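Only one structure is covered here, and it is reproduced in the block below.
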Amino acid sequence: LLADAGDEATAQAVASRMLAELGRPMWVAGRELFPSASMGIALWQPRYRQGEELLRDADAAMYRAKALGRDRSELFDEQMRAEATRLLDLEADLRRAILADAFEPWFQPIIHLASGEVVGHEALLRWMHDVQGPLAPGAFIGVGEDSGLIEQVDWLVYRRAFQWMTRHREGYVSINVSPRHFHSDNFADRLLLMLEDAGAEPSRLRIEITEVALLDDAPRALRMLKTLRSRGIFVLLDDFGTGFSALSYLHRFPIHALKIDQSFVSGLEDAEHPESLALVRAILALAGTLGIDTIGEGVETEAQAAILRQLGCTMGQGFLFGRPMPAPATDSRGAA
Ligand code: C2E
Ligand code: MG
Ligand code: MG
C-alpha cells in the first residue's frame with residue numbers, strides 16, 4: 001500500500017486499523033472465514049531512487065511480520081536494512097565466486113565401526129574466499145538456496161569431487177544435495193553425464209538428502225530415487241531425526257542408509273538426559289529391522305563410538321576419525 005502516512009507512529013496506527021478491518025470474520029460460500037494479514041511498512045526516504053526500493057524494503061518488513069507470527073505489521077528499520085544489505089552483498093559475492101570457480105570439496109572419512117576401515121568420504125563444500133579464507137556452508141548456504149545460486153555452486157563442487165573419485169580409488173564418495181536442487185528437472189541426467197565426463201563410476205557415488213526433500217513432493221522424490229537407484233546410485237538420508245522423521249516413508253522409499261544427526265550423537269554420553277541414547281537406540285533398531293545401513297554423524301569421542309558400535313550402528317563419521325580436509329595437492333592435479 002502506498003500512502004502518505006507521514007511519520008512512523010501514524011503509519012503504524014493506519015496499519016493496525018487495516019489489520020483489524022481485514023481480520024473481520026466473513027462468510028464465503030456458507031462458511032465463516034477468519035482472514036488475517038501480515039503487513040510490512042517502509043517510509044519514503046530521500047535515499048530511495050526508485051519506487052521499487054521502497055517496495056523491496058516494505059517486502060522485507062512483511063517477511064519479518066510473517067516470521068514473527070503473522071497477523072501483525074512490522075516497520076522496516078535500520079537493522080533490517082543492514083541485514084538486507086549484507087545479504088545482497090553476499091549474493092553478489094557468491095555470483096562472482098561462481099564465475100571464478102572458487103569452490104572446493106573437502107573430504108571427510110566415513111569409517112566402518114566394527115573394523116575401523118575407511119569405507120568412503122563425504123565431499124563437503126568449501127568456499128575458498130579470497131579475503132575470509134575457506135568458508136563452511138553455514139556462512140552462505142541460506143543465501144545460496146534463497147537465490148537459487150546453490151545449484152550452480154553444487155555442480156562446480158560435484159565436478160571436482162568426481163574428478164577426485166577417479167584419482168582416489170578406494171570407497172565411495174557422498175555428495176550433499178539441497179531439497180530444491182534434488183527436485184530440479186534433469187538432476188539425475190546431468191549427474192550421470194558429469195560422472196561419465198569425469199570417468200567416475202555411478203556405483204561409487206552416494207547422494208545425501210534430508211527428509212525435507214522426500215516430504216516436499218513425495219511422488220516426485222520417489223521417481224527420482226528410483227531413477228538414481230536404477231543407475232546404481234545409492235541415496236542416504238542426512239541429519240536423520242531432526243526433521244519430521246515420518247517413519248512410514250522409510251520402507252516406501254529406496255533409502256540405502258540413515259545418517260544419525262550429530263545432535264543425538266553428541267548427547268549419547270549425557271547420563272542426565274538419556275533422551276538421545278533412547279532415540280539413537282530406537283533409530284538403530286528400526287533401521288536394523290528394515291535392513292538399512294546407519295552412519296553416526298559428528299562422532300568426537302571414543303565413548304560415543306563405543307556406544308554406537310554396541311548399539312549396532314554400522315558406520316561413523318566425525319572429528320574422532322578425521323576432519324574434512326582439502327584433497328592433497330599432489331592429488332588435485334588437473335582438478336581445476
Ligand atoms: P552435513 O551434510 O550434515 O555435514 C556434516 C557437517 O558436520 C559438516 O559441516 C562437517 O564438517 C561437520 N562435522 C563432521 N564431523 C564433525 C564432528 O565430529 N563434530 C562437529 N561438531 N561437526 C562435525 P559443514 O562442512 O559445515 O557442512 C554443513 C552442511 O552444509 C552439511 O551438513 C550439508 O547439509 C551442507 N553441505 C555441505 N556440502 C554441501 C554441498 O556441496 N552442497 C550442498 N547443497 N550442501 C552442502
Ligand atoms: Mg551430509
Ligand atoms: Mg548431517
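The values are calculated or read from the model by the stated rules, or taken from the named source; none is laboratory data. The structure displayed is predicted, hence computed values, not measured ones. Here Cβ is always computed from backbone atoms with ideal geometry, including for glycine, and neighbour counts include all displayed protein chains. The protein model used for the area step is the full one, side chains on, heavy atoms only, and it has no ligands, DNA or RNA in it. Shrake-Rupley method; radii C 1.70, N 1.55, O 1.52, S 1.80 Å.
Of the residues that sit in segment 237-267 and are of a type in the set (S, T, N, Q) and over 19 Å from the mean Cα position of the chain (by Cα), which one is nearest to ligand 2 (Cβ to nearest atom)? Spell out how you get there, then give the answer.
So in segment 237-267, the residues of a type in the set (S, T, N, Q) come out as 242, 245, 248, 262-263, 266.
Checking the rest, the ones that are also over 19 Å from the mean Cα position of the chain (by Cα) come to 248, 266.
Working: Ser248: 23, Ser266: 16 Å.
Top of the filtered list is Ser266.
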Considering only residues of segment 103-156 that are in contact (Cβ under 8 Å) with a residue 24 or more places away in the chain and of a type in the set (S, T, N, Q), which is nearest to ligand 3 (Cβ to nearest atom)? Gln108
Take segment 290-332 and flag every residue that is buried (at least 18 other Cβ atoms within 10 Å of the Cβ) and modelled with pLDDT under 95. Ile292, Ala327
The lone exception for Pro219 - which of (1) closer than 13 Å to Phe187 by Cα; (2) away from ligand 1 (no atom under 16 Å from the Cβ); (3) open to solvent by 10 Å² or more (accessible area, probe 1.4 Å) it fails: (1)
Quickly run through segment 167-205 and pick out the residues that are out of contact with any strand residue (DSSP E or B) (no Cβ under 9 Å at 6 or more places or on another chain), closer than 26 Å to Pro328 by Cα and within 16 Å of ligand 1 (Cβ to nearest atom). Met194, Ala198
Between Leu149, Leu113, Leu90, which is touching a Cys at 6+ places or on another chain (Cβ under 8 Å) and either more than 30 Å from Gly23 (Cα to Cα) or open to solvent by less than 30 Å² (accessible area, probe 1.4 Å) (or both)? Leu113
Residue identified as on the phi < 0 side of the Ramachandran plot, without any contact (Cβ under 8 Å) to a residue 12 or more places away in the chain and open to solvent by less than 60 Å² (accessible area, probe 1.4 Å) among Ala278, Ala287, Ala257: Ala278
If you go through segment 93-105 one residue at a time, how many are open to solvent by 40 Å² or more (accessible area, probe 1.4 Å) and part of a strand (DSSP E or B)? 1
Of everything in segment 126-146, what is within 15 Å of ligand 2 (Cβ to nearest atom) and open to solvent by less than 20 Å² (accessible area, probe 1.4 Å)? Give them in sequence order. none
Considering only helices (runs of 4 or more DSSP H) wholly within segment 167-286, the ones with at least 2 residues that are among the polar types (S, T, N, Q) are 218-230, 262-265
Residue that is farthest from Glu104 (Cα to Cα), among those in segment 172-186 that are open to solvent by less than 30 Å² (accessible area, probe 1.4 Å) and at pLDDT 95 or above: Tyr172
